[in-house]
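Report on the following structure.
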Amino acid sequence: MGVRKAKHGWIYTIFFSLLSIAWVFPIILVLINSFKKKVYISRKPFTIPTDKMFVKWDNYVNGMEKIHFFDAFKNSLFITVFSVAVIILCTSMCAWYISRVKSAFSTWMYYLCLFSMIVPFQMVMFTLSKLANMLHLSSPVGIILVYLGFGAGLAVFMFCGFVRSIPLEIEEAAMIDGCTPIQTFFQIVFPILKPTCITVAILQAMWIWNDYLLPYLVLDMKRWKTIPMAIQYLKGGYGSVDMGAMMAMLVLAIIPIIVFYMACQKHIIEGVVAGAVKG
Amino acid sequence: MQKSIKKYFPIFALPTLAAFTIGFIIPFLLGIYLSFCKFTTVTDAKFVGISNYFKIFSDKTFGHALWYTAVFTIVSVLLINVLAFTVAMLLTKGIKGTNIFRTVFFMPNLIGGIVLGYIWQLLLNGILAHFQKTLTYSSAYGFWGLVVLMCWQQIGYMMIIYISGIQNIPGELIEAAKIDGATNGQILRNVTIPMVMPSITICTFLTLTNGFKLFDQNLALTNGEPSNMSELLALNIYNTFYGRTGFEGVGQAKAVVFFILVALIAVGQNYLTRRKEVQQ
């Protein structure tokens, strides 16, 4: 299909080029406004900042002071990277276990994971945040455990789907040759699971990086904020919103995402397709 | 082999099981129990039977939020899927620059709900300022604002799924239909759409549940203004919990109702569209 050239292809190309410009326009608009003096932002959002409207990096400096953006960035990065790593490691092991050991526990665990995928966060938000506080999980390290628990459903489900397609003979051969289950898993099974690991990692990273409500309820706000929390705090923490700082922080929040997207675009898109087919 | 793996239960399954118990099973069961209680924190719960559920019905904001969410979900599901499918059809025709377009359309997906909400607040308030209005002027503005935002965010994602579905259709099928004299409309209706039905199932499922569970975007864009009129269900539940003291039990009961609705939608939708899929 893809190779056939369309009739009047250039009309479509022009149409989609215009549409693409319209698509990135909201982001460009925020970028433009981040260099504008704050009083002009809500009054004249569509003008290019010149002379008296132009404030150089003031909004950025101001915003970073207000919400400690780099701390928030560090927290977000730490929580996302380690949560995803822990999720991948623990759930792939668990999925292998419940696929290979036929027991009542395996069946129950599988269906509970499936079930947890349709439970909305509001259902558990109050009890989960209270429980996390009681168990002293209100730190960036503690929240990793919460993410492992709440993200396990989807991850276990996806790994199970893949493990079932791996022929049993490979593992049996390894075991007969004297591998312990741990060696078998890490030397034979885990390398085969790599494509699924990437899919799970991308889906979970997109969720955890952007998640607002869970860290807001679980983390101790006074000491740690993630990027979405910091941005929302900019609005909630002060009576009237400092639009200049807001625009600058929005730009800073988007930049890492765009850099990451450009770097692993192919994996992200493939991961989404693979995730959708199995989910 | 089973036996030797079984001995390693504490290493393989226990960490996930423990976290899953803390992060999901206990909060879920406790949540159901607390919906029958009056409480301000987990430890001072007093059993009150189903009175929390009765209070939901006397709470007018919940009915409004339910209705608002239902209409919002239907409108956004239809718009997103129709537009995403159309774009996917056009982008599988071998147009120049397809890869760039795909990249651009997908990008908003990676941006988080809070950030998205504020980006669109700026843009939409800027446009509405020309008419001396703002997004929070009436709930209709908030409604369409959210619809536009969701289209912008999700069309790219659904488009990617549709594109992979369309590319999986064997070329011979379309060729054969053409030789038999089918028009483009007939090919679309009788070949393409039935063949991409699995993608349609997935995309409607994702857009339905995303729309119904929407929270961050709602919070950032309008925060339910004016006076809770643009409040979706998730935000309504949140405000019941954290905005009104003494209503925690009602909030939890609302959350249970919300969960049942989401579960019914998910299961029902899956059943309905799966039936229409063709066996390959």
For this session: Could you tell me which of rounded, prolate or oblate describes chain A, using a ≥ b ≥ c as the square roots of the eigenvalues of the alpha-carbon gyration tensor, with rounded for a/c under 1.5 and, failing that, prolate when a/b is larger than b/c and oblate otherwise?
Result: oblate
Seminar exercise, completed: The Cα extents of the range B:59-274 along the principal axes, largest first and rounded to whole Å, are 69, 43, 26
Exercise. Among all the aspartates and glutamates, which ones have a C-alpha under 15 Å from B:K38's C-alpha, if same-chain residues fewer than 8 places away are not counted?
Worked result: B:E248
Problem set entry | Charge context of B:T240, other residues only, Cβ under 13 angstrom, K/R +1, D/E -1 | +1
For this session: Could you tell me how many degrees, from 0 to 90 and to the nearest 10, lie between the Cα long axis of helix A:104-116 and the main elongation axis, the longest principal axis, of the Cα atoms of chain A?
Result: 20
Problem set entry | Residue with peak Gaussian network fluctuation, chain A [Cα springs, cutoff 10 Å], from A:I88, A:I268, A:I258 | A:I258
For this session: Using a 10 angstrom cutoff on alpha carbons, build the Gaussian network for chain A and name the most mobile of A:T13, A:T47, A:T196.
Result: A:T13
Problem set entry | Averaged over B:92-102, number of beta-carbon atoms from partner chains that fall within 10 Å | 6
Exercise. Within the range B:81-104, what residues put their amide N at less than 16 Å from the label point 7 Å along the Cα-to-Cβ vector of A:F25?
Worked result: none
Exercise. What's the angle, to the nearest 10 degrees (0 to 90), between helix B:248-274's Cα axis and the longest principal axis of chain B?
Worked result: 20
For this session: Please give the average number of partner chain Cβ atoms lying within 10 Å of the Cβ of each residue in A:223-231, rounded to a whole number.
Result: 2
Seminar exercise, completed: Computed, not fitted: 222 nm per-residue ellipticity of the protein assembly as shown from DSSP H runs ≥ 4 (each -39500 (n - 2.57)), nearest 500, equal to -22500 deg cm²/dmol
For this session: Quick one: P(r) of the range B:76-130 from all Cα-Cα pairs, 5 Å bins, percents rounded to integers, in order of increasing distance.
Result: 4, 15, 16, 19, 20, 15, 9, 3, 0
Exercise. What angle do you read, to the nearest 10 degrees and between 0 and 90, between the alpha-carbon axis of helix B:139-167 and the longest principal axis of chain B?
Worked result: 50
Seminar exercise, completed: Once phi for every residue in the range A:173-180 is put through the Karplus expression 6.51 cos²θ - 1.76 cosθ + 1.60 (θ = phi - 60°), the whole-Hz ³J(HN,Hα) values, with Gly and Pro written as x, are 4, 4, 5, 5, 6, x, 6, 6
Exercise. What is the calculated FRET efficiency for A:K44 to A:S139, with r their C-beta to C-beta distance and R₀ = 35 Å, to the nearest 0.05?
Worked result: 0.20
For this session: Mind scanning A:K74/A:K235; B:K60/B:K213; A:K222/B:K55; A:K194/B:K213; A:K44/B:K96; A:K235/B:K55 and naming the pairs with a C-alpha gap bigger than 26 Å?
Result: A:K222/B:K55; A:K194/B:K213; A:K44/B:K96; A:K235/B:K55
Seminar exercise, completed: Summing +1 per Lys or Arg and -1 per Asp or Glu among the other residues with Cβ less than 10 Å from A:F185's Cβ gives 0
Problem set entry | Peptide-level mean, for A:201-209, of C-beta atoms on other protein chains within 10 Å | 1
For this session: Return the distance in nm (one decimal) between the two label points of a simple spin-label model at A:S240 and A:F105, each offset 7 Å from Cα along Cα→Cβ.
Result: 6.2
Exercise. Hey, how many Å between the Cα centroid of the range B:175-209 and the Cα centroid of the range A:46-124?
Worked result: 35
Problem set entry | Summed residue charge, Cβ within 11 Å of A:L234's Cβ, Lys/Arg positive, Asp/Glu negative | +2
Seminar exercise, completed: Once B:I260 and B:Y53 are pulled to full extension, the length gained, defined as 0.36 nm per residue separation minus their Cα-Cα distance, is 73.2 nm
Problem set entry | From phi via Karplus (6.51, -1.76, 1.60), per-residue ³J(HN,Hα) for the range A:10-18 in Hz, x at Gly/Pro | 5, 4, 4, 4, 5, 4, 6, 5, 4
Seminar exercise, completed: Sorted by chain and then number, the residues having a modelled amide H within less than 5 Å of the amide H of B:C37, at least 5 places away or on another chain, are B:V48
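FYI, it's all coordinate maths here, none of it is from the lab. For clarity, every value in this text was computed on a predicted model and none was experimentally measured. All Cβ positions, even for glycine, are placed from backbone atoms using ideal geometry, and neighbour counts span all protein chains on display.
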